[in-house]
Amino acid sequence: MVLGRPGAPPARTRLPDAPHAAASMMKLSVLVALYRAGDAGTADLDAPVPVVNDFASALGSRYTADPGYDNEHAVWDRLGGTAPARWLARRMIAGSSNLATNLLLGVLGLPAVAAAWRAAGATGSVTGRGIGDLAAEAAGIRNTVTAADLARLLGGIAAGTVATAGSCAEMLDVLAAQEHRVDLAAGVPAGVPVAHKNGWITGVRHSAGVVLPGDAPPYVLAVCTTGCPDDGGACRLIARVSRLAYALRGSL
C-alpha cells in the first residue's frame, strides 16, 4: 500500500515494493504509453485500428484472446471492423477490456510500454506480454506490479510529468470514467471524484487511483492484495483502506 500526494514522497506505506501479479493493472502502463506516443507523433489516437483477435506473442509466435475471459464486450462487438485508439483506451480502462489492451499493445509494442514505466520512475513493475499470451506465461514471462510503482504512475499522471499536460488531463478523465467501483472508490464519499483503475484475477485484487476531494489537495492511493481467496473480502479491505486514507486527506 502507498498513500501520498502526487509528485511527493509517500506519506504512508506498507510493503510498497512487494511484487504482485499485475492482473489488469498493467493496462495503466499501456494507457500512459499510448498518450506518450500521441505526444511524440508516433501514434495517432484518432486513427482506426483493425479489431482482430490475432496477436504477436512475446515469444515470437501468435496467439488469440478468449472472449469469455474478458469483462467488456463492446470491443468484441466490433471484431472485423475498426475502432479509434482513443476509444479503445477508454474501453481498456473504464470497462477493463482485454481485447482493447492487446490491440493497443499491437499498435505500441512492448518497448513503448516499458518506457512508460521508466518515465514514471518505476523500479519493480514489468509489462512483459499481452493478456492471454499463454505460451509466454508458461515460459515465465510475467506482468508484475508493485504498489509503489502504481502510485508513481498515477502520481505522474496527476502531476503531469509522464506526458504532456493535455494528455495527462485526458488520462485522468478516462480513469474517472471507471465502471468497476467496488473497491477503492467504495471507500470515498459519494460525489468525490476518483480517477482509478482496478484489477483482479483469482486470489488477486488491486486498485490504484487519484482522489480529488474538494476540501484538500489530491492524493494518490495504491493498494495491492495477493492471497485472499474471497474477492469480496479483498474489495472490502481495499474500501476500508480507502476510507482511512480519505480521513487523512488533510494531513498528508
Gaussian network model of the chain, springs between alpha carbon atoms under 10 Å - residue of 186, 216, 208 with greatest fluctuation: 216
Förster radius 25 Å - calculated FRET efficiency between residue 134 and residue 226 (Cβ-Cβ, nearest 0.05): 0.75
Charge dipole magnitude, Cβ of K and R +1, D and E -1 - the chain, Cα centre, debye nearest 20: 680
Sites residue 240 and residue 54, calculated FRET efficiency, Cβ-Cβ separation with R0 51 Å, nearest 0.05: 0.75
Tail beyond 18 Å, pair distance distribution of the stretch 120-246 (Cα, percent): 56
For the chain, built as a Gaussian network whose Cα springs stay under 10 Å, the top-fluctuating residue of 145, 223, 192: 192
Cα-projected label distance for residue 164 with residue 14, points at 7 Å along beta-carbon direction, nm: 4.1
Neighbour net charge for residue 147 - beta-carbon separation under 9 angstrom, K R +1, D E -1: -1
Paramagnetic reach from residue 142 in the stretch 1-44 [backbone N under 17 Å; point 7 Å along Cα→Cβ]: 1, 15-27
Accessible area (Å², per residue) of the stretch 1-76, counting only protein heavy atoms and a probe of 1.4 Å: 48
Farthest positive-ward along the chain dipole, Cα basis, beta-carbon charges - from 16, 103, 45: 16
Placed amide H near residue 83: partners under 5 Å, 5+ positions off or other chain: 49, 51
Size of electric dipole in the stretch 126-246: Cβ of Lys, Arg +1 and of Asp, Glu -1, about Cα centre, debye, nearest 20: 240
Selection from 213, 168, 75 lying farthest towards where the dipole of the chain points positive, charges on Cβ: 213
Dimensions (Å) - the chain, Cα atoms, principal axes, largest first: 50, 40, 32
Those trypsin sites (Lys or Arg not before Pro) in the stretch 1-67 that DSSP places in a loop and that have at most 16 other beta carbons within 10 Å: 14
Convex hull volume per residue for the stretch 21-166, taking Cα atoms only, in Å³: 100
Gaussian network model of the chain, Cα within-10 Å springs - most flexible of 198, 53, 143: 53
Loop sites in the stretch 129-198: trypsin sites (Lys or Arg not before Pro), DSSP, at most 16 other Cβ within 10 Å: 142, 181
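The values are calculated or read from the model by the stated rules, or taken from the named source; none is laboratory data. Since we're looking at a predicted model, the values are computed, not measured. Positions of Cβ are backbone-derived with ideal geometry, glycine not excepted, and every protein chain shown enters the neighbour counts. These area figures cover heavy atoms from the full protein model, side chains too; ligands, DNA and RNA do not enter into them. Shrake-Rupley method; radii C 1.70, N 1.55, O 1.52, S 1.80 Å.
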